[in-house]
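What follows is one structure encoded as structure tokens, with my remarks underneath.
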Amino acid sequence: MFAAGTGPSQGALIKSLSFVKKVKMGKRMEKALKEKAAASSTSQDAADDESKTPEPYSCTGMFEQDFTELCRRSGLQQGEIPPVVIRPKRPPTPPPPDPKAQTQVSAEDGEEEQKEPEEPKPTTYTTKDKFQYFKPTVQVEMENEDKPATVTEIYIRGWKVDDTMMGVLKQCLPTIEKLHTLYFWNTGLTEKTIAELASFLPQCSNLKNLTLDGNPVLEENFALLIGDDSLLANVSFRNNHITDKGAEMIGKALSTAKSCNKNLISLNLSYNKITDIGATHIANGLRMNRVVLSLSLASNQISDTGAKKLGEVLSRFPLTHEETVERRKLIREKGSPDRKSPSPPSRGRAESKDRPGSKGSGTVLDKTDKKRDKSSKKKDGKKSDKDKDDSPTKSKAMDAKKEKEEDKTVKGGAKKDDKWKKDTTRHGSKVSVVAEMQGTKTAKGKKTVGGKDKKGALLPESETPDVVEAINPLMDSVENIDGQLWIPGNRALINLNLSRNQISEGGFKALLLGVQYQMTLNSLQPNPALKGLMRISLNKNAISPSNDAVSKLQELMTTRDPFYKPPSQSPDGDSQSHGGQ
């Protein structure tokens, strides 16, 4: 019985064990399937996230935060992002030691042994860790270091600014409100990065100073940075291997017969490869430009031919055919000063047939005078003979005022070719600067304050000063010599640097004649805003310092230097020499 009962119990046990194994296997399979499904869903979500474009980053105006985030989004790793640091400055000179603070030796105890003072830490320089100096950084200066939104100057030196980095700067620089200086030294710029830089610099409304030194570019497209829409005032292109090709483009950017850069004040082109041909192009750019005050062409390859061309631009020169045609267009648009017709200048050609009979314009004035006389008689009744005589003159004065206003509206029209018109929304206070240089005033004789009073409140429209326009040199007085129209040269330039070139006696004489002509013109037609050349640097050229032309030019320019102080005179009237000065 025992043997017979044992068989069925073992079979049931085996069946139960096999059932448990099947259940465990099913749970394992189910768990594996779940994990596989979760992994596939995760990979699918990741793929979806990669396919989705990230939300665009809106810059906040805080340069360090924006720059770091944009670099991260552009694919740079954390160690590849250049840190933004405060620009190091030379520590101030330590004050002299206080003699009262020194230890005094008492006479009773005799001479006491003075301990050697510990060597103080250096205060005239700063030290850095090994190779830390060579790591790429972006140096900044701020108005207030506690406020990250007050960045005023950015310096990038000694590392390559590629397309990716220029794209980052394109997004964050225009949002920095107080940025006024941008410095690139030896940053490996290319034609593409310079074009990209030129495309967004006009969006930086307060940026006035740009330095691109040590960035040779084969295409030499530096002129894009000083185009008609440029707001830069001080530009430096030193040591960029600029040849006559680049000088030609820069000369055209300064001015042509139809356009002119209205903001550039200082241009530095030293340490390049500009020859007489390039100097001629630069001189041609100064023909119609009356804004540039300082020009440096030091350490180039300029000889007498280029110096003579610069001397001609400083004195006087004949107009080319293109400039003569443009002058006639401007005169036609402005209208003859003797004309009394109230019609806008743009209709001058259509009404040229009626020009001899200016009586028509007079009859119009008479009709308006009669109407005004009748209306005044109805209102005021009788008038004295004196009032009747004054009424026509008053009405003519009012009509003349209306004519001037119409003339201004026509001039301020949307003519695309006339680059001389001022745009107050873009250039701001630069309008008054150019006006001051040209010696012009507003129609009301008020100073331009940007449409605001001293408290910052907006002025009424009637009290807002009129906009001042720069004087086009083509509208200056001309002199007809042998069938050519000659105009006075450039008297706005006050500083010219031609040191370390190849100029000899012929070039010095041409420059001397140019300065002499400017002095003569200043005595005949004084203009406080256009005084002519005040400083010229001609050191280390191909001429002896004892040459007669050199000594005459130096003697002449000494008195024109704004920092020149004449020797003081004794009571007897003899000048006293200042030794050691």
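Figures for the structure shown
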quantity	calculated
Qualifying GluC sites (Glu not before Pro) in region 182-229, DSSP loop, other Cβ atoms within 10 Å at most 14	GLU219
Of all accessible heavy-atom area on region 252-319, the percent that carbon and sulfur account for (1.4 Å)	52 percent
Karplus (6.51, -1.76, 1.60) ³J(HN,Hα), θ = phi - 60°, over region 282-289, in Hz, Gly and Pro reported as x	5, 5, 5, x, 8, 4, 9, 9
Only Lys, Arg (+1) and Asp, Glu (-1) charged, at Cβ; region 120-224 dipole about Cα centre in debye	380 debye
Solvent-accessible area of SER523 with every protein chain in place, 1.4 Å probe, in Å² to the nearest 10	80 Å²
Accessible-area ranking of ILE536, ILE242, largest first, probe 1.4 Å	ILE536, ILE242
Cross-link pairs LYS309/LYS531; LYS130/LYS178; LYS128/LYS208 - those with Cα-Cα distance over 29 Å	LYS130/LYS178; LYS128/LYS208
Kirkwood hydrodynamic radius over Cα pairs of region 527-566, then Stokes diffusion coefficient at 4 °C and 1.567 mPa s, in µm²/s	112 µm²/s
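The values are calculated or read from the model by the stated rules, or taken from the named source; none is laboratory data. All of these numbers come straight from a predicted model, not from anything done at the bench. A quick note on method: Cβ atoms are made from the backbone with ideal geometry, for glycine too, and the neighbour counts reach across all protein chains shown. With ligands, DNA and RNA removed, areas are computed over all heavy atoms of the protein, side chains included. Shrake-Rupley method; radii C 1.70, N 1.55, O 1.52, S 1.80 Å.
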